[in-house]
1. Out of A:SER165, A:SER150, A:SER136, A:SER158, I need the residue that is buried (at least 22 other Cβ atoms within 10 Å of the Cβ), of a type in the set (Gly, Ala, Ser) and in the same structural domain as A:GLY103 (by TED's automatic domain parsing). Which one?
2. Somewhere in region B:97-113, is a residue more than 18 Å from B:VAL170 (Cβ to Cβ) and in contact with a strand residue (DSSP E or B) (Cβ under 8 Å, 6 or more places away or on another chain)?
3. Out of everything in region A:37-56 that is in a loop (DSSP other than H, G, I, E, B) and under 26 Å from the mean Cα position of the chain (by Cα), what residue ends up being modelled with the highest pLDDT?
4. Could you pull out the residue among A:PRO241, A:PRO219 that is free of Cβ contacts under 8 Å to residues at least 40 places away in the same chain and under 30 Å from B:SER165 (Cα atoms)?
5. Condition check: more than 16 Å from DNA strand D (Cβ to nearest atom) and at pLDDT 65 or above. Does B:SER17 satisfy that?
6. Could you check how many residues of region A:204-218 are among the hydrophobic types (A, V, I, L, M, F, W, C) and within 19 Å of the chain's Cα centre (by Cα)?
7. Within the group B:SER76, B:SER3, B:SER34, which residue is under 30 Å from B:ILE232 (Cα atoms), more than 9 Å from chain A (Cβ to nearest Cβ) and either modelled with pLDDT under 75 or within 16 Å of DNA strand C (Cβ to nearest atom) (or both)?
8. I'd like to verify a number: residues in region B:139-185 that are closer than 14 Å to A:GLY145 by Cα and in contact with a helix residue (DSSP H, G or I) (Cβ under 6 Å, 6 or more places away or on another chain), how many?
2 protein chains.
Amino acid sequence: MVSRKTARVIQLADALSGRRVLHLRDAAALLGVSEMTVRRDVADNPGQFAFLGGHIVPAGEIEPDAPYELAREADSHAAAKREACVHAARRIRPDETIFIDCGTTLEYLVDLIPENYSITAVCYSLNVAEKLTRKSNVRTVMLGGVYHPSSASFSGNSGLETLDSLGINVAFLSAAGVDPGRGATCVHFHEVSVKQKVISLARESHLVVDLSKIGKLKPAFFAPIGVFRSIITEEGETQLPGL
Amino acid sequence: MVSRKTARVIQLADALSGRRVLHLRDAAALLGVSEMTVRRDVADNPGQFAFLGGHIVPAGEIEPDAPYELAREADSHAAAKREACVHAARRIRPDETIFIDCGTTLEYLVDLIPENYSITAVCYSLNVAEKLTRKSNVRTVMLGGVYHPSSASFSGNSGLETLDSLGINVAFLSAAGVDPGRGATCVHFHEVSVKQKVISLARESHLVVDLSKIGKLKPAFFAPIGVFRSIITEEGETQLPGL
DNA sequence: TACGATTTGTGATATTTGTCACAAAACCTG
DNA sequence: CAGGTTTTGTGACAAATATCACAAATCGTA
């Protein structure tokens with residue numbers, strides 16, 4: 001037996017699954033109760049719903065009002081990352097297969113894949129995969145595995161094996177740190193084996209980072225600078241001498 | 001040369017790509033202009049941004065205020081599917097590994113995984129994966145492969161190989177048709193190999209469908225009824241005689 | 001620098017949304 | 001069905017947001 005209230009909550013969730021937002025007024029009409037009651041229902045299920053203006057939205061849709069500083073911080077490197085991806089996108093050729101690393105930097109690259117190119121894109125992060133699947137001219141290949149929330153990516157042996165069956169023309173790698181001596185490093189160790197295998201298999205690899213990463217050293221080393229064809233930042237592409 | 005205005009619009013888009021919503025107040029502070037100006041920027045780019053309450057959201061996030069009737073007719077089967085999943089959820093035990101098939105039906109099951117259970121969940125569809133990764137008590141394993149837009153899922157040899165390394169206690173399968181004689185069928189052939197392998201490896205498999213699927217026959221056959229421990233619909237679980 | 005055109009900021013006002021306290025209704029449980 | 005508990009609705013009020021008109025600032029161009 002479900003309480004009257006949980007029944008309403010379920011009905012609300014149903015209504016929301018169809019559209020993304022529902023006005024309080026409509027929700028009240030839909031459920032046949034007062035707006036006040038809907039308010040209470042929503043307030044009692046913060047995990048499921050949230051308020052935004054006078055509307056109810058699924059809780060996942062929005063972060064619960066992070067303060068202004070966060071936006072500023074998010075923004076400060078975003079422009080640089082986007083700009084770096086603009087340069088990186090020039091390396092994409094029609095009908096080729098590209099690899100897109102995880103992380104926020106290369107998310108922008110997806111937007112910059114030319115609409116008139118037919119591309120196969122390989123990824124292993126949820127964010128990138130989601131953006132890729134929205135593009136009709138891109139065939140998306142995902143490496144599976146266990147999910148790592150820290151980087152929103154998957155990794156595991158099977159993902160590595162998938163790589164063996166792929167032919168990658170251009171690989172775009174990102175890094176959390178680029179040390180002139182030591183090379184490229186990232187934060188999460190589970191990314192290392194994927195990155196390394198990609199570098200070894202791809203015909204050419206490019207390191208795409210914003211300038212704030214240069215000089216940083218992070219815990220997980222994955223490649224010396226020399227393995228990359230170029231380093232691409234917001235200032236453009238820096239060719240590296242071949243091996 | 002970009003106008004002052006388009007520069008702001010780009011910056012706004014960047015800020016929004018980091019977080020999902022941005023309060024008008026914060027946007028104004030971020031761009032260093034008045035709220036009125038931000039309002040005008042947003043209003044002038046209805047394709048890109050929208051207002052929701054006092055917040056700016058990416059336009060794609062929301063349908064432009066569809067009328068109340070829409071909510072009402074949102075997926076008439078949603079309630080049935082959810083109800084079926086309520087029954088299915090009773091088969092989930094703490095600390096076990098479950099498999100969740102693709103399709104809209106089993107999306108609801110994710111919401112119903114008890115918060116206090118520690119669960120490993122295996123999936124191969126983007127929708128399900130996304131919902132799973134939001135649950136902190138669930139370890140998500142994804143089978144990779146090539147993306148199929150029709151069912152928002154991935155499939156390929158490597159995904160199948162991943163299954164070999166997993167121990168699945170309970171598998172929840174969905175179907176587009178259940179014919180009493182022929183068995184369970186679905187629409188997309190690429191799903192067949194995944195479903196079959198899961199059924200063969202899982203300790204127990206359950207077929208979760210709403211009643212509208214009963215009696216239907218779809219192009220891709222994947223299992224006779226007998227292989228399932230039970231069929232679960234909105235009316236409850238129907239045990240099947242063991243093999 | 002002077003000019004008109006455009007963009008931007010400010011404050012007043014109208015509308016919408018949020019909060020709260022309290023009364024009415026519904027719902028247990030013996 | 002009496003008693004207490006919980007749920008729901010109502011209206012008053014506070015706060016936030018939307019809209020508008022007009023003044024100030026900025027821009028482009030002679």
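1. A:SER158 is the lone residue from the list that is buried (at least 22 other Cβ atoms within 10 Å of the Cβ), of a type in the set (Gly, Ala, Ser) and in the same structural domain as A:GLY103 (by TED's automatic domain parsing).
2. Our first condition is that a residue be more than 18 Å from B:VAL170 (Cβ to Cβ); within region B:97-113, this holds for B:104.
Checking the rest, the ones that are also in contact with a strand residue (DSSP E or B) (Cβ under 8 Å, 6 or more places away or on another chain) come to none.
Taking every residue of region B:97-113 in turn, none turns out to be more than 18 Å from B:VAL170 (Cβ to Cβ) and in contact with a strand residue (DSSP E or B) (Cβ under 8 Å, 6 or more places away or on another chain).
3. A:GLN48
4. Exactly one residue qualifies, and that residue is A:PRO219.
5. Taking the combined requirement at face value, the residue satisfies it.
6. Within region A:204-218, the first condition is being among the hydrophobic types (A, V, I, L, M, F, W, C), and the residues that meet it are A:207-209, A:211, A:214, A:217.
Still in the running and within 19 Å of the chain's Cα centre (by Cα): A:207-209.
Final tally of qualifying residues: 3.
7. Values: B:SER3 fails: under 30 Å from B:ILE232 (Cα atoms); B:SER34 fails: under 30 Å from B:ILE232 (Cα atoms).
The unique qualifying residue is B:SER76.
8. Of the residues in that region, 11 qualify.
The values are calculated or read from the model by the stated rules, or taken from the named source; none is laboratory data. Note that the structure is predicted; figures quoted are calculated from it, not measured. Backbone-built Cβ (ideal geometry, glycine too); neighbour counts: all protein chains shown.
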